[in-house]
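Working notes for the structure below.
The values are calculated or read from the model by the stated rules, or taken from the named source; none is laboratory data. Model, not experiment: these values are computed from the prediction. Neighbour counts run over all protein chains shown; Cβ positions are idealised from the backbone, glycine included. All accessible areas refer to the heavy atoms of the entire protein, side chains included, with ligands and DNA or RNA removed. Shrake-Rupley method; radii C 1.70, N 1.55, O 1.52, S 1.80 Å.
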Amino acid sequence: MSTIEISKDYVKTGAEYSSLGCQLKWKQDGYWYKADRFGFESLAEAVVSHLMKRSSITDFVEYEPVTITYQGQQYRGIRSQEFKKETEELISLERLSRNYTSLSLAGVLERIGDAKGRILYTVELVENLTGLRDFGIYLTKLLELDAFFLNVGRHTDNIMLLYDTKKKEYRFAPVFDMAQSLFSDTKNTCPPEKGMVECYHSIEAEPFSGNFDEQLKCANELYDRHLQFDFSANEMINSVRDFLNGMSNSSGYQGSEKRRIGEIIRFQTKKYQYMFKK
């Protein structure tokens, strides 16, 4: 596991904030770095991207756990390569809606009575404003990943598109920022003393329903199922175990954190058996 020193001389953007609100984030030498702030966000992100390599999701960001040294302090963290082109910028659905309609997408969704209606409204809005097609399929893949990995960070400011400022064209962003998965927030919603069942009751999905299965069911009914893993459930469990065991002691992650991830994966593979090959 690499140790990376972040130098102010080379940081292009300085310390920024991720979707977690106040998770330290930097860019240096073509890599984005994020430091853990609320628990084991980086480890969760690394496990999710590791498993997406064996899934039907073909466009996603790979994450590598690292130790970050910044201004004399060490952080558990993660890095990923820059995926935007020089002429591209990230546009959230919230920003897209405000730019073109002057309305908050989150606010509009609150006034729509059911999850299916909220999904349909969002897909129609995005396709009409951007010219993109099959956004419903793209969105469904995100909701499938969120349900399986229990990602609680999919608010309207964290569903992103890429906009080429030169070509004036939009494209789908790769899947990234799954840091709020797998009960990673051990400082707030899922502290170590909470059991699995209690943690499940402490988290809520976003942005179409507070229930992961409700918004997943609605998306699947509208746009079919798309997430499929190309190994069996037992092979996934073993793959996660090997990945976690392969991390050096210098990573700073505790055995209890690794066991929590393993426990969640075992539970989710049983719940979503249809996502695995026989």
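What about residue 132, is it open to solvent by less than 10 Å² (accessible area, probe 1.4 Å), outside any helix (DSSP H, G or I) and touching a strand residue (DSSP E or B) at 6+ places or on another chain (Cβ under 6 Å)? Considered against the rule, which asks whether it is open to solvent by less than 10 Å² (accessible area, probe 1.4 Å), outside any helix (DSSP H, G or I) and touching a strand residue (DSSP E or B) at 6+ places or on another chain (Cβ under 6 Å), residue 132 comes out as no.
Could you tell me how many of the residues in region 61-120 are closer than 17 Å to residue 160 by Cβ, of a type in the set (D, E, K, R) and in a helix (DSSP H, G or I)? Counting residues in region 61-120 that are closer than 17 Å to residue 160 by Cβ, of a type in the set (D, E, K, R) and in a helix (DSSP H, G or I) gives 3. Here residue 237 clears all of (1) aliphatic (A, V, I, L, M); (2) at negative phi; (3) outside any helix (DSSP H, G or I) except the condition numbered (3).
Go through region 191-206 and count every residue that is in contact with a Phe, Trp or Tyr (Cβ under 9 Å, 6 or more places away or on another chain) and farther than 21 Å from residue 158 by Cα.
4
Only one of the numbered conditions (1) among the acidic types (Asp, Glu); (2) out of contact with any helix residue (DSSP H, G or I) (no Cβ under 9 Å at 6 or more places or on another chain); (3) within 30 Å of residue 74 (Cβ to Cβ) is violated by residue 257, and that is (2). Residues that are in contact (Cβ under 8 Å) with a residue 60 or more places away in the chain and open to solvent by 60 Å² or more (accessible area, probe 1.4 Å) within region 50-70 comprise 54, 59, 64, listed in sequence order. Scanning region 98-115 turns up one or more residues that are under 30 Å from residue 51 (Cα atoms) and crowded, with 20+ Cβ neighbours inside 10 Å.
Every condition in (1) free of Cβ contacts under 8 Å to residues at least 24 places away in the same chain; (2) crowded, with 16+ Cβ neighbours inside 10 Å is met by residue 201 except one, and the failing one is (2). On the basis of being at pLDDT 95 or above and out of contact with any Pro (no Cβ under 7 Å at 6 or more places or on another chain), does residue 201 make the cut? Answer is no for this residue.
For region 139-188, how many residues meet the condition of being touching a His at 6+ places or on another chain (Cβ under 7 Å) and open to solvent by 10 Å² or more (accessible area, probe 1.4 Å)? Spell out the reasoning first.
Of region 139-188, the ones touching a His at 6+ places or on another chain (Cβ under 7 Å) are 140-141, 144.
Add one more test, that the residue is open to solvent by 10 Å² or more (accessible area, probe 1.4 Å), and what stays is 141.
The qualifying residues number 1.
Can you tell me which residue is nearest to the chain's Cα centre (by Cα) among those in region 167-191 that are part of a strand (DSSP E or B) and not hydrophobic (A, V, I, L, M, F, W, C)? Give the derivation first.
Taking region 167-191 first, the residues part of a strand (DSSP E or B) are 169-172, 175, 185.
From what's left, not hydrophobic (A, V, I, L, M, F, W, C): 169-171, 185.
Details: 169: 24, 170: 20, 171: 18, 185: 13 Å.
Step by step, filter region 167-191, then rank; the result is 185.
Take the conditions (1) closer than 30 Å to residue 7 by Cα; (2) at pLDDT 95 or above; (3) open to solvent by 20 Å² or more (accessible area, probe 1.4 Å); (4) of a type outside the set (Val, Ile, Thr); residue 75 misses just one of them, which is (2).
From the residues in region 205-248 that are aromatic (Phe, Trp, Tyr) and open to solvent by less than 20 Å² (accessible area, probe 1.4 Å), which one is nearest to residue 189 (Cα to Cα)? Residue satisfying both the conditions and the ranking: 208.
Go through region 88-108 and report how many residues are among the aliphatic types (A, V, I, L, M) and touching a strand residue (DSSP E or B) at 6+ places or on another chain (Cβ under 6 Å).
So the first thing to find is which residues in region 88-108 are among the aliphatic types (A, V, I, L, M), and the list is 90-91, 93, 96, 103, 105-106, 108.
If we keep only those that are touching a strand residue (DSSP E or B) at 6+ places or on another chain (Cβ under 6 Å) too, we end up with 90-91.
The number of residues fulfilling the criteria is 2.
Restricting region 192-215 to residues that are within 14 Å of residue 114 (Cβ to Cβ) and not in a helix (DSSP H, G or I), which is nearest to the chain's Cα centre (by Cα)?
Going through region 192-215, the residues within 14 Å of residue 114 (Cβ to Cβ) turn out to be 207-211, 214-215.
Next cut, not in a helix (DSSP H, G or I) only: 207-211.
Working: 207: 13, 208: 16, 209: 17, 210: 17, 211: 17 Å.
Looking at the filtered set, the residue picked out is 207.
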